[in-house]
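Peer 1: Could you have a look at this structure, given as structure tokens, before my questions?
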Amino acid sequence: MSMIGFPLLLIPLAICNIIVFLMPGVAFATPLFTLTLVSGVAWPVTLGDVLIALGILLLLFEVIKGARPGSKYFMDHLLSLVVFAGAAAEFVMLPQFGTSTYFLLTMLALVDFLSGIALRARRSARLAPADAPAPSGKRQRDIETDEPRFDPAPAPVPPAATVAESVLLDHPSPAVSQPVDSVRASPEVRSPGLQPNDGAPPSPDNPPR
């Protein structure tokens, strides 16, 4: 059974009301039993001590409930406030509740209410920055940063045949020179005595030497 929403400190306060209204002969200072400590001292445990110890344990559970996510809504705070207000009113206005035991239980109810408010305010302050919308420029930068970036693909390597063809097109073939005459005229020497065929022109009867 879930106890969320039920003020646990109402339990010791209700026990006090039962004792005061239904058991008028029972006092909070009446010893219930005696414990012997290691030091040898006999400690008498009274009804008020038991109620205060119970209130402290229940306050611990209230704080644990308030620290859980999604707990301690407005109704929980309102119930804690009602419990504290009722206990404080009984302590101030009714003489039967004017004891130290009931005062301490009233203070525990106040601590329960204030701790719930403090935990709620801290949770709201922690969640507020996460829920706040980011500026448009910052959101755009975040989106651009989150997008994956790919390096440009390397240029494809052309095949060897294409490279050879481009080299041949860039360097045209050399021009063919004019053919050289197979027969060249004999050099003419200025000295008449040294001319071929003694300076006579070539003829069928006088072939060139």
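The values are calculated or read from the model by the stated rules, or taken from the named source; none is laboratory data. Just so it is clear, the structure is predicted and the values come from calculations on it, not from any experiment. A quick note on method: Cβ atoms are made from the backbone with ideal geometry, for glycine too, and the neighbour counts reach across all protein chains shown. Just the protein is used for accessible areas: all its heavy atoms, side chains included, with ligands, DNA and RNA removed. Shrake-Rupley method; radii C 1.70, N 1.55, O 1.52, S 1.80 Å.
Peer 1: Which whole-Hz couplings ³J(HN,Hα) result when phi for each residue of region 9-20 is put into the Karplus expression 6.51 cos²θ - 1.76 cosθ + 1.60, θ = phi - 60°, listed in order with x for Gly and Pro?
Peer 2: Values per residue, Gly and Pro as x: 5, 5, 5, x, 5, 5, 4, 4, 5, 5, 5, 5 Hz.
Peer 1: I've got another one for you. For a quick size check, give me the Cα extents of region 7-70 along its three principal axes, largest first, whole Å.
Peer 2: Taking max minus min along each principal axis of the Cα atoms, region 7-70 gives 47, 36, 9 Å.
Peer 1: Continuing with this model, one more query. Over the heavy atoms of F6, what accessible area does a 1.4 Å probe trace out, to the nearest 10 Å²?
Peer 2: Solvent-accessible area, nearest 10 Å²: 80 Å².
Peer 1: Please state the shape class of region 46-115: rounded when a/c is under 1.5, otherwise prolate if a/b exceeds b/c and oblate if not, all from the C-alpha gyration tensor. Can you show the working numbers first?
Peer 2: Working: a/c = 3.73, a/b = 1.55, b/c = 2.40.
Taking the square roots of the gyration eigenvalues as a ≥ b ≥ c, region 46-115 is oblate.
Peer 1: Now a separate question. Give the accessible surface of region 1-107 per residue, rounded to a whole number of Å², with probe radius 1.4 Å and ligands, DNA and RNA excluded.
Peer 2: Values: 6440 Å² over 107 residues.
Ligands and nucleic acids excluded, the figure is 60 Å² per residue.
Peer 1: How much net charge surrounds A87 when only other residues with a Cβ under 15 Å from its Cβ are counted (Lys, Arg +1; Asp, Glu -1)? Can you show the working numbers first?
Peer 2: On the way: positive: none; negative: E62, E90, D112.
Local charge sum for A87: -3.
Peer 1: Moving to a separate point now. Check T46: other-chain or 5+ apart residues with amide H under 5 Å from its amide H, H built from backbone geometry?
Peer 2: Hits under the 5 Å cutoff: L32.
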